[in-house]
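Chemist: Just dropping this structure here.
The values are calculated or read from the model by the stated rules, or taken from the named source; none is laboratory data. Computed from a prediction, not measured in an experiment: that's the story for all the values here. Cβ sites come from the backbone with ideal geometry, for glycine too, and all protein chains shown count toward neighbours. Note: accessible area is taken over every heavy atom of the protein model, side chains too, but ligands, DNA and RNA are not part of it. Shrake-Rupley method; radii C 1.70, N 1.55, O 1.52, S 1.80 Å.
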Amino acid sequence: MSVEQISVFIENKEGRVKKAINTLAKSDINIRALSVADSTKYGILRLIVSDTERTIKALEDDGFLVKKNEVIIVKVPDEPNGLNSVLEILDQNKINVEYIYAFITHKVDQAVVVMRLEDMENGKKLLKSKNAELLTEEDIKNL
Amino acid sequence: MVWNKEAECMEKEEKENLQLKRLKNTIKKTYERVPFYRKKLDEAGVSVEDIKTLKDIEKLPFTEKSDLRSAYPFKTFAVPDDEIVEIHTSSGTTGKPTVSGYTKKDIDIWGEITARAIGMALGEKHDKIQNCYGYGLFTGGLGIHHGAHKFGATVIPISAGNTKKQIEILLDFQSTIISCTPSYALYLAESLENEGYGPEDISLKSGIFGAEMWTEEMRDELEKRLGITALNIYGLTEIIGPGVAQECPEKNGLHISDDHFYPEIINSETGEVLDYGEKGELVLTTLTREGSPVIRFRTKDITTLREEKCSCGRTLVRMDRITGRTDDMLKIRGVLIFPSQIEKALLKIDGISPNYQIIVSRPEYLDEVEVKVEASRELFSDEIKEMESVENKIASVIKKEIGLRVEVTLSEPGSLPRSEGKAIRVIDNRNFE
């Protein structure tokens with residue numbers, strides 16, 4: 001169960017993040033989760049949205065460089081040690097996390113964690129075997 | 001086609017006699033009519049009587065751009081104002097522009113040499129030339145325009161800029177030849193692709209590209225993306241404008257119309273004249289100009305002259321593609337670098353557009369070079385470390401070419417300047433004062 005994530009190249013120039021977000025707003029796209037990775041020279045805006053294909057088109061039409069890739073979204077108990085228990089599973093099996101970010105929603109009383117793993121396939125299998133709850137595209141739409 | 005067989009395929013001896021006769025005439029007239037040349041020649045202690053062979057041209061002093069600038073605006077003119085019918089100037093990017101005045105005969109010569117250029121670029125009378133060089137004081141637009149008239153082809157005087165209109169004309173008129181800067185041609189190709197068009201939708205067969213330096217790799221790119229034969233044109237306002245030299249489809253150098261312009265190659269540091277096959281600074285003397293004749297003008301362009309007859313049949317002396325300028329040569333930590341070397345390296349990497357910018361700085365005591373390159377879908381990743389490894393890979397390819405480590409920065413597609421005139425590729429922020 002993986003979900004599509006959109007990455008947007010953001011040059012280190014005034015107003016670029018705002019412009020990207022503005023593009024989404026104009027196209028009536030809802031952002032489910034968002035994070036920014038940055039270096040001293042530029043950033044990468046990562047987004048989980050309500051409609052991936054439409055988002056890519058809107059951003060590309062506005063001149064942004066966009067890429068789609070897969071991430072895993074896991075529900076974790078919204079309590080101390082919640083995230084730790086999930087990471088523990090991966091750690092014990094030596095599956096590296098490339099990056100991770102979290103968000104909370106109103107509809108489930110759990111936190112939701114977005115992860116990109118070095119080995120996506122085995123990571124997914126492993127988490128499922130340990131009964132972790134992975135969200136689907138459909139779940140994301142309903143959040 | 002060979003536009004003027006008699007002139008373009010002339011035997012060596014006949015040509016040299018013609019050149020010598022014309023050279024003497026030019027020196028005589030400039031001495032008589034242009035005070036600043038008279039002063040220069042008197043100071044050097046030479047007169048027209050000292051010119052007995054072509055080699056004697058070496059006795060004459062050079063003309064620098066600064067000489068022409070100090071004669072601004074009209075002190076270089078060798079004819080009364082009555083006879084001047086057109087004026088052009090250089091861009092003046094490095095100071096006051098230089099001014100060139102043309103008589104009716106000068107315009108006719110200009111048309112003649114650009115007509116030759118059109119012939120070399122596969123031109124036929126029925127061709128439609130989309131001339132996207134700027135019309136105005138810049139020589140690009142009107143130079144090609146005069147040539148197209150002389151040649152008898154149809155010129156579409158669209159001038160520079162307005163890419164939307166350029167594309168509309170390309171599609172609706174089905175232009176067959178295009179003339180512009182190579183970087184603008186690339187931008188047009190990109191814009192066509194963005195609108196969903198490719199070479200099959202247009203009828204271009206050749207491109208006459210000049211006014212800035214470009215590389216063989218860029219030629220491949222233009223030929224592939226526009227479906228054309230991309231050829232190099234050379235010229236400069238101080239001499240006449242575009243058409244001084246042009247490549248034929250053999251692509252082995254640009255044919256200099258040496259019955260009108262006498263070329264030499266010199267060592268730019270010592271001024272010593274070099275042989276055919278040796279690389280150095282191009283020096284040009286006008287042999288037939290009336291309005292603004294120029295003697296031994298130092299072009300600052302670096303090239304090599306070739307004497308052998310071309311397989312196209314022309315005997316005009318050929319010059320290699322310009323590989324640099326004595327004044328945009330960058331000296332980085334003591335190493336000489338030309339922007340064209342960096343361009344060459346970039347074109348070796350898949351997914352890189354040839355739009356780039358070189359920024360030189362000296363943060364402490366050491367020169368630093370940053371090369372900005374536009375990222376593309378192939379180069380973009382959702383992870384910073386991947387992006388950094390792409391930058392490092394590009395830096396290594398550049399290092400192989402120039403021998404220096406540079407800092408590569410990926411920037412957003414379309415964010416680096418594309419030029420309609422001359423692309424600004426180098427920003428030197430070092431302060432040498």
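Chemist: If only one of B:Arg325, B:Arg333 is within 29 Å of B:Ile107 (Cβ to Cβ) and at pLDDT below 95, which one is it?
Modeler: The conditions single out B:Arg325.
Chemist: Still on this model: Out of all the residues in region B:2-19, which are acidic (Asp, Glu) and surrounded by 14 or more Cβ atoms within 10 Å (Cβ to Cβ)?
Modeler: Within region B:2-19, B:Glu8, B:Glu16 meet the criteria.
Chemist: Same structure, new question: Suppose we filter A:Val3, A:Val17, A:Val8, A:Val74 for residues that are out of contact with any Gly (no Cβ under 7 Å at 6 or more places or on another chain) and more than 14 Å from chain B (Cβ to nearest Cβ); which single one remains?
Modeler: A:Val74 is the lone residue from the list that is out of contact with any Gly (no Cβ under 7 Å at 6 or more places or on another chain) and more than 14 Å from chain B (Cβ to nearest Cβ).
Chemist: Among what's in region A:83-130 and is under 19 Å from A:Ser35 (Cα atoms) and small (Gly, Ala, Ser), pick the residue that is farthest from the other protein chains (Cβ to nearest Cβ).
Modeler: So the residue we want is A:Ala111.
Chemist: Working only within region B:110-126, note down all residues that are assigned to a helix (DSSP H, G or I) and open to solvent by 10 Å² or more (accessible area, probe 1.4 Å).
Modeler: B:Glu112
Chemist: Can you work out which of the residues in region A:88-127 that are of a type in the set (Lys, Arg) and modelled with pLDDT of 90 or more is surrounded by the most Cβ atoms within 10 Å (Cβ to Cβ)?
Modeler: So the residue we want is A:Arg116.
Chemist: Can you tell me which condition B:Glu368 does not meet? The list is (1) free of Cβ contacts under 8 Å to residues at least 40 places away in the same chain; (2) of a type in the set (Asp, Glu); (3) surrounded by 16 or more Cβ atoms within 10 Å (Cβ to Cβ); (4) within 12 Å of chain A (Cβ to nearest Cβ), and all the others hold.
Modeler: All conditions pass for B:Glu368, except number (4).
Chemist: Then there's this: Given the conditions (1) open to solvent by less than 10 Å² (accessible area, probe 1.4 Å); (2) modelled with pLDDT under 95, and given that B:Ser191 satisfies all but one, which numbered condition is not satisfied?
Modeler: Just one mismatch for B:Ser191, condition (1).
Chemist: Now a separate question. Looking only at region B:375-413, count how many residues are within 25 Å of the chain's Cα centre (by Cα) and either touching a residue at least 60 places away in the same chain (Cβ under 8 Å) or within 14 Å of chain A (Cβ to nearest Cβ) (or both).
Modeler: Here the count works out to 2.
Chemist: In this structure, does B:Ser353 turn out to be of a type in the set (S, T, N, Q), crowded, with 16+ Cβ neighbours inside 10 Å and closer than 24 Å to B:Cys248 by Cβ?
Modeler: no
A quick yes/no check of all residues on (1) surrounded by fewer than 22 Cβ atoms within 10 Å (Cβ to Cβ); (2) in a helix (DSSP H, G or I):
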residue: B:Gly136; (1), (2): yes, no
residue: B:Gly143; (1), (2): no, yes
residue: B:Gly147; (1), (2): no, yes
residue: B:Gly161; (1), (2): yes, no
residue: B:Ile178; (1), (2): no, no
residue: B:Leu186; (1), (2): no, yes
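Chemist: Enumerate the pairs (first residue in region A:13-26 and within 12 Å of A:Val49 (Cβ to Cβ); second residue anywhere and of a type in the set (Phe, Trp, Tyr)) with beta-carbon separation below 9 Å, excluding pairs fewer than 6 apart on the same chain, so at least 6 apart or on different chains.
Modeler: As it stands, the answer is A:Ala20/A:Phe64; A:Thr23/A:Phe64, since those pairs meet every condition given.
Chemist: Also: Among (1) part of a loop (DSSP other than H, G, I, E, B); (2) open to solvent by 10 Å² or more (accessible area, probe 1.4 Å), which single condition is B:Gly291 missing?
Modeler: Of the numbered conditions (1) part of a loop (DSSP other than H, G, I, E, B); (2) open to solvent by 10 Å² or more (accessible area, probe 1.4 Å), the odd one out for B:Gly291 is (2).
Chemist: Continuing with this model, one more query. How about region A:56-101: which of its residues are touching a strand residue (DSSP E or B) at 6+ places or on another chain (Cβ under 8 Å) and either among the hydroxyl-bearing types (Ser, Thr, Tyr) or free of Cβ contacts under 8 Å to residues at least 24 places away in the same chain (or both)?
Modeler: Of everything in region A:56-101, those that are touching a strand residue (DSSP E or B) at 6+ places or on another chain (Cβ under 8 Å) and either among the hydroxyl-bearing types (Ser, Thr, Tyr) or free of Cβ contacts under 8 Å to residues at least 24 places away in the same chain (or both) turn out to be A:Glu60, A:Ser85, A:Leu87, A:Asn96, A:Val97, A:Glu98, A:Tyr99, A:Ile100, A:Tyr101.
Chemist: Oh, and also: Need the failing condition index for B:Thr229 against (1) among the β-branched types (Val, Ile, Thr); (2) more than 14 Å from the chain's Cα centre (by Cα); (3) open to solvent by less than 10 Å² (accessible area, probe 1.4 Å), just the number.
Modeler: If we test B:Thr229 against (1) among the β-branched types (Val, Ile, Thr); (2) more than 14 Å from the chain's Cα centre (by Cα); (3) open to solvent by less than 10 Å² (accessible area, probe 1.4 Å), just (3) comes out false.
Chemist: Residues that are touching a helix residue (DSSP H, G or I) at 6+ places or on another chain (Cβ under 7 Å) and of a type outside the set (Ser, Thr, Tyr): find the strands (runs of 3 or more DSSP E) completely inside region B:325-433 holding 1 or more of those.
Modeler: Per the criteria, B:335-337, B:356-361, B:368-374, B:407-411, B:426-428.
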